[in-house]
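The values are calculated or read from the model by the stated rules, or taken from the named source; none is laboratory data. Quantities reported herein were computed from a predicted structural model and do not represent experimental measurements. Please note: Cβ atoms are built from the backbone with ideal geometry, for glycine as well, and neighbour counts cover all protein chains shown. When the accessible area is computed, the model is the full protein with side chains, heavy atoms only, and any ligands, DNA or RNA have been set aside. Shrake-Rupley method; radii C 1.70, N 1.55, O 1.52, S 1.80 Å.
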Amino acid sequence: MTPPASTGKCAGAGEVEEPLLPEFSGSGHGASVCGAVFNVSTSIIGAGIMSIPAAMRVLGVLPALLLIAAVAALSDSSVDFMLRYTGWDSGPPSYAGIMGDAFGRAGAKALNVCIAFTTTGTLVVYLIIIGDVLSGSAGAGDEHAGVLQELFGAQWWTARELVILVTAVVVLLPLVLRRRVDSLKFTSAVSILLAVVFMLISLGIAVYALFTGTTKMPRMLPDFSRLSSPFELFTAVPIVVVAFTFHFNVHPIRAELSKTSDMKAAVRISLVLCAAIYAAVGFFGFLLFGDATMADVLANFDRSSGAGVPQALNDAARLSYALHLVLVFPLLHFSLRVNVDELLFPGRRPLGTDTRRFVALTAVLMAVLYALASAIPSIWTLFEYSGSTFAVCISLIFPGAIARHQITTMASYNSHRLTLGYNCQFVMDAHGIAKKKDKALAATMIALAVITSSIAIASNVMSSISGKVEGGHAAAR
């Protein structure tokens, strides 16, 4: 029997025990913890801040805050599993690599497909929103003028397709051509600042509306009279899970740090920061718009907040959020490019060292994303189903499955070594890694993900069949 990947050595007589994951590992390039916090936070916030107010409308304030805290805690545990069972001796690892170690080529391919679908859908959503903010949307029942059209009227150069194209080529392309994640730490820092600006503007408008009597305190608990069934509450779960799906960026960011403990600290700081921002944006957005809160909260700002504030303040909120998405875009594109490369060109040399392949793949992906964003006016339904399937697999199911597989494999290997007469206790026990609570936690993560996602998908299907748009879907009543 061969030992599992990244398990160190079992000490026989005279042997020295080694930790499963050395404190200093990988080929860190001296990136700072602060830079890692910015990059992780950008990956998290960019994934779903737009729908948090709608999720709070479905659940009520208290259950939504509890859900945000619970998903953040589970995300921390899942990332801990990923870092714990990663080997660095064979070169820079990836999420697909540890999936491959645990479940073979099929496991790695399954992860690559999930990440490709999730990131593609999210990036297309970003381009659509950027186009809507600047040029307006033409979707039935959800039409609104963009900022450029409000300022200059309908001109040929304010057309949505042209604005998205110019943004993609002039602004986004130079950012996505950066080869190192750490080189994006400054844009990531600005994107976090813009998220805070969006939160503060929402806070200001909401407080003003509250004091002028144009709004009222939001519901603390769900309003079951507005739901077709209690199971519809579960449709908010995938929204929050998507909002905390950043796991595909863990290894690229970790590879540029010198210590594993630095990455763990960066992840925890980022989760606390982003959970606080989500809670604030969700609360103030729900406070401001109440039961009229849209799945895309920017649509509410465009239609007027109803608080009597100048439209310029509403436009500032929209523009700050659109610019935030522009700066988040490169990090998600980085993950999309890496995973598509692993799907199409397995076994090739690292993408960053092959200039021709790097540039060609980047250009093709940008062209595909632009074509989808131009052809699809809204992908909210697809985005919600993606949260119930691909995102849940990436953030909870796969990390839990990796942990259970590695724990079982290590225990089996330890037993095998003991039968050969080695007077040792396996290293995983010495370092407290393979404990029963870890296996139970992994099983709990998988069970919760499967149950809640199944109920959410069933509820979405029933709502679609009945022709009702409920919960966190795109329309408010």
Gain in length, L165 to A360, computed as 0.36 nm per residue apart minus the alpha-carbon separation, to one decimal in nm?
-> 68.4 nm
For labels at T212 and A73 in the simple 7 Å Cα→Cβ model, what's the distance in nm?
-> 4.0
Would you work out the charge dipole size for the stretch 223-289 about its Cα centre, treating the Cβ of every Lys and Arg as +1 and the Cβ of every Asp and Glu as -1, and quote it to the nearest 20 debye?
-> 240
For the stretch 152-294, shape from the Cα gyration tensor axes a ≥ b ≥ c, cut at a/c of 1.5 then a/b versus b/c, turns out oblate
With 0.36 nm assigned to each residue of separation and the Cα-Cα distance removed, L62 to L343 gains 97.0 nm
Could you tell me the accessible area of M217 in Å² (1.4 Å probe, neighbours in place), rounded to the nearest ten?
-> 110
Nearest-10 value in Å² for the accessible area of M99, using the 1.4 Å probe = 10
Accessible area of R179 in the full protein assembly, 1.4 Å probe (Å², nearest 10) = 100
To the nearest 0.05, how large is the calculated FRET efficiency for L177 and V272 if R₀ is 41 Å and r is the Cβ-Cβ distance?
-> 0.80
Note down the nm distance, to one decimal, between modelled labels 7 Å out along Cα→Cβ at A443 and at K259.
-> 3.5
